[in-house]
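Worksheet: the structure to be examined is printed underneath.
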Amino acid sequence: MITVNEMAKLVGGSVQGNGDVKITGLAPAAFARDGDLTFALDEGEMKAAEKSKAACVLTRLKPSGFPKTVLIVNDLKESLVVLYNVVQKMKPSEKGTIHPTAVIDETAVLGENVSVGPYTVIGKNARIGDNSALGANCSIGDNVTIGSSTRLYSNVSVYELSVIGNNVIIHAGVVIGSDGFGFIPKGDRVLKVPQMGNVVIEDDVEIGANCCIDRGTFSNTVIGKGTKLDNLVQVAHNVKLGRNVLIAGQSGIAGSATVGDNTMMGGQVGVSDHVSIGKDVKIGAQSGVSKQTVRDGAVLFGCPAKDANEIRKQTAFVARLYKNAGKIRKLLKKFSE
């Protein structure tokens, strides 16, 4: 449990009412229970929060005579995110349960309080850390290592030798460790390049539904600590993603590309093979990055991706040309005469 006063220190807020109230959870007003912190954006939501069972209301408003304790902050969204993560860490570990339909090899090692859902298969010498949970129909290959407090939702497939860290969340339908797209045309045949590496997913990573992360050819594909992938992201063989990288949906990172720490990509971004993207880079949606090296802190947009300021100037210039096309044609005609 945590008091409202302690929460206020974490988010730089002020308390109206009893700051010693203890908070045990966080929920919208309609679902709040005794001891919960709820939140309100406007007067209507404040009225709903007042009628709820919540012990405290997080808001930017400064209500007068409000009957519940109020935590007043400048940035509601940021404060809500901070406090959500605090409350999540306070939750006690659930007692693990193994569904009777699960198939677990006798050489696999499961830690304390591990949960395994229906029809999940765990292969030889796999290791699952304490307090981790595997949903229904997951497939965990031979010699896979999964850390502590990691959650795999249903229908996740983890190929052999893959390594997944602590506090990782992997959503439904993800495939980790499938073969990379490596082929060499040879005469009338197409030869398969061996995919002998593996995938390493570091701590605190979250992977959205139906992502695919290919194993390395001879080295590892690496997803750095704290990185978050949206749904439907493709990460090819030998890719190295740094720490706290954010990649939006339907993006694709081709083989052997590297992406620096804290880089952000919009939806449907394509990155060519062997491209090296620096730290703190921002790439706009639907951009195509083919340049071999992208400097730290760059802001890119377009296909092929270019400096965003350059793209804005070009767009504005073309718009002015289009707007004055009639005048330009008349001038050209006059000069030609």
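The values are calculated or read from the model by the stated rules, or taken from the named source; none is laboratory data. A quick note: this is a predicted structure, and the numbers were derived from the prediction, not measured. Using ideal geometry, Cβ is built from the backbone for each residue, glycine included, and neighbour counts are taken over all protein chains shown.
LEU58 - would you say it is surrounded by fewer than 19 Cβ atoms within 10 Å (Cβ to Cβ) and either in contact (Cβ under 8 Å) with a residue 12 or more places away in the chain or part of a loop (DSSP other than H, G, I, E, B) (or both)? So LEU58 fails the test. Residues in the range 74-88 that are farther than 17 Å from ILE23 by Cα, surrounded by 12 or more Cβ atoms within 10 Å (Cβ to Cβ) and not acidic (Asp, Glu): LEU76 only. Of the numbered criteria (1) assigned to a helix (DSSP H, G or I); (2) in contact with a Gly (Cβ under 6 Å, 6 or more places away or on another chain), the one LEU71 fails is (1). So for the range 159-176 (the condition being surrounded by fewer than 15 Cβ atoms within 10 Å (Cβ to Cβ) and part of a strand (DSSP E or B)), does at least one residue qualify? Among the residues of the range 159-176, not one is surrounded by fewer than 15 Cβ atoms within 10 Å (Cβ to Cβ) and part of a strand (DSSP E or B), which makes the answer no.
Does GLY187 meet the test of being assigned by TED's automatic domain parsing to the domain that holds ASN143 and at pLDDT below 95? Working first, answer last.
Numbers: assigned by TED's automatic domain parsing to the domain that holds ASN143: yes; at pLDDT below 95: yes.
Spelling it out, GLY187 is indeed assigned by TED's automatic domain parsing to the domain that holds ASN143 and at pLDDT below 95.
One residue alone among GLY226, GLY255 is in contact with a His (Cβ under 7 Å, 6 or more places away or on another chain), of a type in the set (Gly, Ala, Ser), crowded, with 18+ Cβ neighbours inside 10 Å and modelled with pLDDT of 95 or more, and that residue is GLY255.
Scanning the range 249-265 for residues that are outside any strand (DSSP E or B), farther than 14 Å from ALA298 by Cβ and in contact with a strand residue (DSSP E or B) (Cβ under 7 Å, 6 or more places away or on another chain) returns SER251, ALA254, ALA257.
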